[in-house]
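Participant: I'd like to ask some things about the structure below.
Every number in this text was worked out from the coordinates using simple rules, so none of it is lab data. These figures come from a predicted structure and were not determined experimentally. Glycine gets a Cβ as well: all are built from the backbone with ideal geometry, and neighbour counts include every protein chain shown.
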Amino acid sequence: MERRPRTVKPMSKLHVVTYGCQMNAHDSDRMVELMAPLGFEATADKNEADLIVLNTCSVREKADQKMLSELGRLRAWRGEHPDRILAVGGCVAQGMGQGLLDKVPFLDLVFGTDQLAALPDMVRRIQRDRVRVAAVDWRDADEFDFLPIRPRGKVEGCHAFVKIMKGCNQFCTYCIVPYVKGRELCRPANEIVDEVRLLVERHGVREVTLLGQTVTSYNVRHNARPGAPRFSELLHRLHDIDGLHRIRFMTGYPKDVEPDLVQAFRDLPRVAGHIHMPVQSGSDRILKRMNRGYDRQLYVERMADLRAARPGLALTSDIIVGFPGETEADFEATMELVRSMRFDSIFSFSYSERPGTRAAVFDDSVPHEDRRRRLRALNEMQEQITREILEHRVGRREEVLVLGPSTRDPKILCGRTSEHRMVNFRGEAAVGDLVDVTITEAQPHSLRGQMVLDAQRLSA
């Protein structure tokens with residue numbers, strides 16, 4: 001009897017569009033891993049996808065309009081086949097909920113920031129029952145799933161993002177995050193350490209970045225488990241993992257920089273020599289209006305403590321200009337702070353209103369032309385400071401973690417210093433190696449160099 005060849009069901013295709021920060025990129029990767037057991041594999045081509053997820057962000061300006069525009073462009077794709085599924089997750093989904101499903105009749109699924117772990121079940125339900133689903137309920141602390149990284153194949157590169165907490169308790173008046181991400185919830189330290197060890201031992205990861213809205217408040221707030229380790233203790237535990245070259249984290253909060261964290265920067269060489277610490281303004285009056293919980297003096301003193309503990313520490317920051325009520329004197333206070341702090345770089349923003357935040361109803365808004373002018377002046381000054389800092393590295397020998405070939409020239413390697421400066425250089429090394437590079441040239445936002453051939457190299 002002739003045997004018929006066995007047919008193999010083709011894999012379904014998943015296309016994820018990511019908006020916003022590294023935490024959203026981390027969550028998008030988890031979506032791909034979650035959907036794999038259902039027969040989905042990621043695709044960069046949305047036209048061949050069976051499921052498209054827009055993973056949204058509320059922090060950027062006009063986030064909801066951008067998301068709705070993308071949905072409009074996907075309407076034809078959704079209508080081409082009845083079995084296709086169109087989903088929206090993330091912060092905008094959390095904020096709009098059922099209203100978004102009502103507004104977009106061809107949308108199948110809206111899921112909030114606490115519902116990521118339920119994505120496979122929701123997709124399976126839609127496939128089976130052809131229903132439309134909105135799920136934006138918050139999960140209790142004992143129900144929340146941080147979704148550990150479980151790569152099904154080789155991890156690309158030698159770096160990984162690891163989420164250690166979610167939510168925020170700060171309630172800055174300009175920020176929507178506490179309303180769409182929920183309150184702070186810290187992941188158990190043992191889970192974090194186990195995940196990082198797995199990434200290092202099985203997947204060749206050599207550098208991790210710990211993620212959270214305010215990672216330095218890890219297990220500091222009122223909801224911390226009794227006896228749970230603080231952030232500095234977590235750094236000590238991760239520092240002991242063999243094969244892990246560097247530990248980064250973002251984002252910190254100034255008032256959480258206490259002596260134990262300063263001591264960690266002094267004692268733990270694998271903690272990278274870079275910290276991102278948003279200041280937002282140099283004016284005490286504006287900082288109070290923003291509800292930041294610290295003043296200029298505290299910020300300056302805490303950053304001085306860190307720089308004293310780790311000579312050469314690179315400091316980057318976030319700054320908002322044109323916040324409601326900001327006068328020219330307030331703006332000049334910010335400019336003076338930037339001059340004196342000499343940040344390696346800043347993420348600078350012109351204030352934009354976020355519906356649902358306290359600042360959105362302040363009645364003394366700064367004219368848009370003044371916001372734009374101040375942002376230009378701030379960026380021009382910071383560009384000069386960044387240039388001077390990079391030029392100061394020329395002729396020096398830097399330890400660089402090799403990330404891979406340059407995207408512009410595969411004959412050139414690229415990597416980062418402990419201080420998070422990008423270096424493009426000539427030489428032969430494997431991804432994940434630590435090599436010494438002599439810096440030969442400063443570019444506007446990066447460095448160029450030549451690998452030192454006689455240097456002792458730490459192999460990945």
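Participant: Share of antiparallel DSSP beta bridges in the chain, in percent to the nearest 5? Before the final figure, lay out each step's value.
Facilitator: Numbers: 22 of 67 bridges.
Bridges in the chain that DSSP calls antiparallel: roughly 35 percent.
Participant: Between rounded, prolate and oblate, where does region 12-135 land on the alpha carbon gyration tensor, with a ≥ b ≥ c its root eigenvalues, rounded for a/c under 1.5, else prolate if a/b exceeds b/c?
Facilitator: rounded
Participant: Which value in deg cm²/dmol, rounded to the nearest 500, describes the helix-derived mean residue ellipticity at 222 nm for the chain, given -39,500 (n - 2.57) per DSSP H run of n ≥ 4 and division by the residue count?
Facilitator: It comes out at -10000 deg cm²/dmol, rounded to the nearest 500.
Participant: I've got another one for you. Could you check the simple spin-label distance between Lys288 and Asp318, using points 7 Å along Cα→Cβ, in nm with one decimal?
Facilitator: Simple spin-label model gives 2.3 nm for this pair.
Participant: Same structure, new question: What cysteines in the chain have no other cysteine with a beta carbon less than 4.7 Å from their beta carbon?
Facilitator: So far as the 4.7 Å Cβ criterion goes, Cys21, Cys57, Cys91, Cys158, Cys168, Cys186, Cys414 stand without a partner in the chain.
Participant: List the GluC sites (Glu not before Pro) in region 299-379 that DSSP assigns to loop (not H, G, I, E or B) and whose Cβ has at most 16 other Cβ atoms within 10 Å. Which are they?
Facilitator: Listed in order of number, the matching sites are Glu353.
Participant: To continue, here is another question. By its C-alpha gyration tensor, with a ≥ b ≥ c as the square roots of the eigenvalues, how is region 397-451 shaped: rounded for a/c under 1.5, else prolate for a/b larger than b/c, else oblate?
Facilitator: It comes out rounded by the Cα gyration axes.
Participant: Next up: How large is log10 of I(q)/I(0) for region 146-272 at q = 0.13, 0.22 Å⁻¹ when the intensity is taken from the Debye formula with one equal scatterer per alpha-carbon?
Facilitator: For region 146-272, the Cα-only Debye profile gives -0.53, -1.34.
Participant: So who's got an amide H within less than 5 Å of the one on Ala134, skipping anything under 5 residues away but keeping other chains? H placed 1.01 Å off N, in plane.
Facilitator: Correct list: Val110.
Participant: Once the dipole of the chain is set up with Lys and Arg at +1 and Asp and Glu at -1 on Cβ about the Cα centre, which of Ala360, His274, Trp138 lies farthest towards its positive end?
Facilitator: Among Ala360, His274, Trp138, the one farthest towards the positive end of the dipole of the chain is Trp138.
Participant: Could you tell me which of rounded, prolate or oblate describes region 210-344, using a ≥ b ≥ c as the square roots of the eigenvalues of the alpha-carbon gyration tensor, with rounded for a/c under 1.5 and, failing that, prolate when a/b is larger than b/c and oblate otherwise?
Facilitator: Because a/c hits 1.5 or more and a/b exceeds b/c, region 210-344 counts as prolate.
Participant: Let me ask you something else. Semi-axes, largest first, in whole Å: what does sqrt of 5 times each Cα gyration tensor eigenvalue give for the chain? Don't skip to the answer; put the middle values down first.
Facilitator: Values: eigenvalues 269, 187, 100 Å².
Ellipsoid half-lengths, sorted descending, are 37, 31, 22 Å.
Participant: Using the structure shown, list the pairs from Lys255/Lys288; Lys62/Lys181; Lys66/Lys163; Lys13/Lys103; Lys46/Lys66 with a Cα-Cα distance above 22 Å, or answer none. Walk me through the intermediate numbers first.
Facilitator: Details: Lys255/Lys288 14 Å; Lys62/Lys181 18 Å; Lys66/Lys163 26 Å; Lys13/Lys103 26 Å; Lys46/Lys66 17 Å.
Correct reply: Lys66/Lys163; Lys13/Lys103.
Participant: Moving to a separate point now. Each residue of region 121-134 in order: what ³J(HN,Hα) in whole Hz does its phi give by Karplus 6.51 cos²θ - 1.76 cosθ + 1.60, θ = phi - 60°, with x for Gly and Pro?
Facilitator: With the stated coefficients, region 121-134 comes to 5, 5, 5, 4, 5, 5, 4, 7, 10, 6, 9, 9, 10, 10 Hz.
Participant: Cβ neighbours within 10 Å, averaged per peptide: list 405-412, 371-378, 126-133 in order, most packed at the top.
Facilitator: 371-378, 126-133, 405-412
Participant: Ranked highest first by the average count of other Cβ atoms within 10 Å around their residues, in what order do 97-107, 202-212 fall?
Facilitator: Result, highest mean first: 202-212, 97-107.
Participant: Let's see if you can work this out: charge +1 on each Lys and Arg Cβ, -1 on each Asp and Glu Cβ, no other charges. What is the dipole magnitude of the chain about its Cα centre, in debye to the nearest 20?
Facilitator: The dipole of the chain has a size of about 880 debye.
Participant: Using the Karplus curve 6.51 cos²θ - 1.76 cosθ + 1.60 with θ = phi - 60°, what ³J(HN,Hα) values do you get for each residue of region 386-393, in whole Hz, with x for Gly and Pro?
Facilitator: So the Karplus estimates, Gly and Pro as x, are 4, 4, 5, 5, 5, 4, 5, 7 Hz.
Participant: If I stretch the segment between Val17 and Asp242 completely, what's the gain in nm (0.36 nm per residue apart, minus their alpha carbon distance), one decimal?
Facilitator: Taking Val17 through Asp242 to full extension adds about 77.5 nm, to one decimal.
Participant: Give me, ordered by chain and number, the residues 5 or more places off Ser345 or on other chains with an amide H under 5 Å from its own placed amide H.
Facilitator: Amide H neighbours of Ser345: Ser317.
Participant: Mean 1/r over all different Cα pairs, inverted: what Kirkwood radius does region 274-392 give, in Å?
Facilitator: Here the Kirkwood hydrodynamic radius works out to 14.9 Å.
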